[in-house]
Amino acid sequence: MKRQRQQALMELVRAEPLASQEEIAARLDRLGYPATQSTISRDLDELGLVRLRDADGHLRYGAPDAGASNDARQLRTILREFARSVDHSRNLVVVKTPPAGASPVARALDSSDLDGVIGTLAGDDTIIVVIAEDVRARDVAASLREMAGL
């Protein structure tokens, strides 16, 4: 049942501009796959689907844009969506986001293979990225700024 539900979810987000988990739940229910919000949230995470802005500027769920690896695409997409500034100090990089934007950025950073990133700590609108000693935080910050288009 899970595999079929996730397959239906993938088809839905490809075909329709679904902007909320409630919309997804309603559409899945009509297709015969009733699911709770937490189930949909897990499915979205497992499938790597994120909220993106479409050509008209509206938010909708979809797969990150094509590019190198899925993690790299997702990181670039999320940074472009949420990062407002990137600064560094010694072995730390600080990424500022709008309110409630820090968690998705930190998650994308944690799952990326970005050289030197040991881990992140996210608040509501700020992420601290801990950088390995043998990597310059300045270089990581420059990479993140480039990916974010800042």
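The values are calculated or read from the model by the stated rules, or taken from the named source; none is laboratory data. Predicted, not measured: the structure shown is a model, and the values here were computed from it. Reconstructed Cβ throughout: ideal geometry from the backbone, glycine too, with neighbour counts over all protein chains shown.
Tabulated values for the structure
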| item | result |
| --- | --- |
| Of residues in segment 93-113 being under 11 Å from the mean Cα position of the chain (by Cα) and of a type in the set (A, V, I, L, M, F, W, C), the one nearest to residue 132 (Cα to Cα) | 109 |
| Members of segment 1-52 found to be of a type in the set (Gly, Ala, Ser), assigned to a helix (DSSP H, G or I) and surrounded by fewer than 16 Cβ atoms within 10 Å (Cβ to Cβ), listed by number | 15, 26, 38, 41 |
| Which listed residue is at pLDDT below 80, assigned to a helix (DSSP H, G or I) and closer than 30 Å to residue 146 by Cβ, from 68, 55, 72 | 72 |
| Residue within segment 75-83 that is among the hydroxyl-bearing types (Ser, Thr, Tyr) and modelled with pLDDT under 90 present | yes |
| Complete set of residues in segment 94-139 that are touching an Asp or Glu at 6+ places or on another chain (Cβ under 7 Å) and surrounded by 15 or more Cβ atoms within 10 Å (Cβ to Cβ) | 94, 96, 97, 101, 102, 112, 120, 135 |
| Set 112, 103: member being assigned by TED's automatic domain parsing to the domain that holds residue 78, polar (S, T, N, Q) and either at pLDDT 90 or above or touching a Leu at 6+ places or on another chain (Cβ under 6 Å) (or both) | 112 |
| Odd one out for residue 119 among (1) small (Gly, Ala, Ser); (2) modelled with pLDDT under 90; (3) touching a strand residue (DSSP E or B) at 6+ places or on another chain (Cβ under 9 Å) | (2) |
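Yes or no, residue by residue, for (1) under 19 Å from residue 47 (Cβ atoms); (2) outside any helix (DSSP H, G or I); (3) touching a residue at least 40 places away in the same chain (Cβ under 8 Å):
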residue	(1), (2), (3)
80	no, no, yes
86	no, yes, yes
95	no, yes, yes
98	no, yes, no
106	no, no, no
110	yes, no, no
121	no, yes, no
124	no, yes, no
